[in-house]
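The values are calculated or read from the model by the stated rules, or taken from the named source; none is laboratory data. Predicted model, so just to flag it, every value in this text is computed and none were measured. All Cβ positions, even for glycine, are placed from backbone atoms using ideal geometry, and neighbour counts span all protein chains on display. To get the accessible areas, we keep the full protein, side chains included, count just its heavy atoms, and leave off ligands, DNA and RNA. Shrake-Rupley method; radii C 1.70, N 1.55, O 1.52, S 1.80 Å.
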Amino acid sequence: MDEPARKLTFTFAEYLAREQASETKHEYANGEIFAMAGGTPEHGLMAVNVASVLRGQLVDRRCRVYNSDVRVRSQATGLATYPDVSVVWGRLERDPEDENSILNPALLVEVLSPNTEAYDRGEKFAHYQTIPSLREYVLVSYQRRRVEVLRRNDDGTWTLYDMRESGVAELASIGVSLPLDEVYRGVFEGAGEEAG
């Protein structure tokens, strides 16, 4: 006897229902639902370091800094995902289909991992580019001290600003600086870096 076919694609409403009942987070892309793997302690520390630096500089501005508990959605492609850090400038826009998904990040940050790096640089970035409000996409390396800032130009093209080892990544979209020393504070302690 044949087994019933497994459902391979889902509507966004079906995804939301499954997500609400789940104890783990999932990404929704192209009608498919993907479990999001848990991060390492280093991954979590880098994400918190970035969020802390941004929050500290944006406290008196019309910005909100969110961690990976907040879902971001591209209405153009349907992607729903949980970036490591999101920043919204001005009024928050919620998805009409899901009040817990935001539509208007100005800046998104992904801390790379061996399993997600190719996706974060490729297909996920392609989805992110369809978000009209997005001005910058920041990639934080897990292997070495490196922060890449992809900035949207007025003509819609993107320019890469690559900071390695030391220095400061300028985030023009929200008018803040991201010092690599702060991003990686406490991350490479075994390599002789001071805890702080």
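Identify all residues within segment 95-114 that are in contact (Cβ under 8 Å) with a residue 40 or more places away in the chain, touching a strand residue (DSSP E or B) at 6+ places or on another chain (Cβ under 8 Å) and farther than 14 Å from SER74 by Cα; write none if there are none.
VAL109, VAL111
Name the single residue, out of those in segment 30-50 being free of Cβ contacts under 8 Å to residues at least 40 places away in the same chain and among the small types (Gly, Ala, Ser), that is farthest from ARG73 (Cα to Cα).
Looking at the filtered set, the residue picked out is GLY44.
Matching residues to (1) in contact with a Pro (Cβ under 6 Å, 6 or more places away or on another chain); (2) more than 26 Å from ALA17 (Cα to Cα); (3) not in a helix (DSSP H, G or I):
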| position | (1), (2), (3) |
| --- | --- |
| ARG91 | no, yes, yes |
| GLU99 | no, no, yes |
| LEU107 | no, yes, yes |
| PRO114 | no, yes, yes |
| TYR119 | no, no, no |
| LYS124 | no, no, no |
| HIS127 | no, no, no |
| ILE131 | no, no, yes |
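Whether any residue in segment 76-98 is of a type in the set (S, T, N, Q) and more than 18 Å from GLU27 (Cα to Cα) is what I want to check. Steps first, please.
Just the residues of segment 76-98 that are of a type in the set (S, T, N, Q), to begin with: 77, 81, 86.
Add one more test, that the residue is more than 18 Å from GLU27 (Cα to Cα), and what stays is none.
Checked segment 76-98: no residue is of a type in the set (S, T, N, Q) and more than 18 Å from GLU27 (Cα to Cα).
Give me the pairs: first residue in segment 83-94 and crowded, with 23+ Cβ neighbours inside 10 Å and at pLDDT 95 or above, second residue of a type in the set (S, T, N, Q) and part of a loop (DSSP other than H, G, I, E, B), beta-carbon distance under 7 Å, and six or more apart or on different chains, which are they?
Pairs that qualify, where the first residue is crowded, with 23+ Cβ neighbours inside 10 Å and at pLDDT 95 or above and the partner is of a type in the set (S, T, N, Q) and part of a loop (DSSP other than H, G, I, E, B), are PRO83/SER68; ASP84/SER68; VAL85/ASN67.
Yes/no per residue for (1) touching a strand residue (DSSP E or B) at 6+ places or on another chain (Cβ under 7 Å); (2) surrounded by fewer than 20 Cβ atoms within 10 Å (Cβ to Cβ):
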| site | (1), (2) |
| --- | --- |
| ALA118 | no, yes |
| GLY122 | no, yes |
| VAL138 | yes, no |
| TYR142 | yes, yes |
| VAL149 | yes, no |
| LEU178 | yes, no |
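Do the conditions hold for ASP162, that is, is it over 18 Å from the mean Cα position of the chain (by Cα) and either over 22 Å from ASN49 (Cα atoms) or part of a strand (DSSP E or B) (or both)?
Values: over 18 Å from the mean Cα position of the chain (by Cα): no; either over 22 Å from ASN49 (Cα atoms) or part of a strand (DSSP E or B) (or both): yes.
It is false that ASP162 is over 18 Å from the mean Cα position of the chain (by Cα) and either over 22 Å from ASN49 (Cα atoms) or part of a strand (DSSP E or B) (or both).
Six or more apart or on different chains, Cβ atoms under 7 Å: show the pairs whose first residue is in segment 140-156 and in a loop (DSSP other than H, G, I, E, B) and whose second is of a type in the set (Ser, Thr, Tyr) and open to solvent by less than 50 Å² (accessible area, probe 1.4 Å).
Matching pairs, first to second residue: TYR142/SER113; ARG145/TYR184; ASN153/THR159.
For segment 124-136, how many residues are crowded, with 19+ Cβ neighbours inside 10 Å and among the hydrophobic types (A, V, I, L, M, F, W, C)? Walk me through how you get there before you give the answer.
As a first pass, look at segment 124-136 and keep what is crowded, with 19+ Cβ neighbours inside 10 Å: 124, 127-128, 131, 134-136.
Those still in the list that are among the hydrophobic types (A, V, I, L, M, F, W, C) too: 131, 134.
So the count comes out to 2.
Only one of these conditions is not met by GLN75: (1) under 11 Å from the mean Cα position of the chain (by Cα); (2) open to solvent by 80 Å² or more (accessible area, probe 1.4 Å). Which number is it?
(1)
Among the listed residues ALA80, ALA47, identify the single one that is modelled with pLDDT of 95 or more, within 12 Å of the chain's Cα centre (by Cα) and closer than 22 Å to GLY186 by Cβ. Can you show your working first?
Values: ALA80 fails: closer than 22 Å to GLY186 by Cβ.
Answer to the selection: ALA47.
Which members of segment 157-175 meet the condition of being within 21 Å of GLN129 (Cα to Cα), out of contact with any Cys (no Cβ under 7 Å at 6 or more places or on another chain) and open to solvent by less than 40 Å² (accessible area, probe 1.4 Å)?
Correct list: ALA169, LEU171, SER173.
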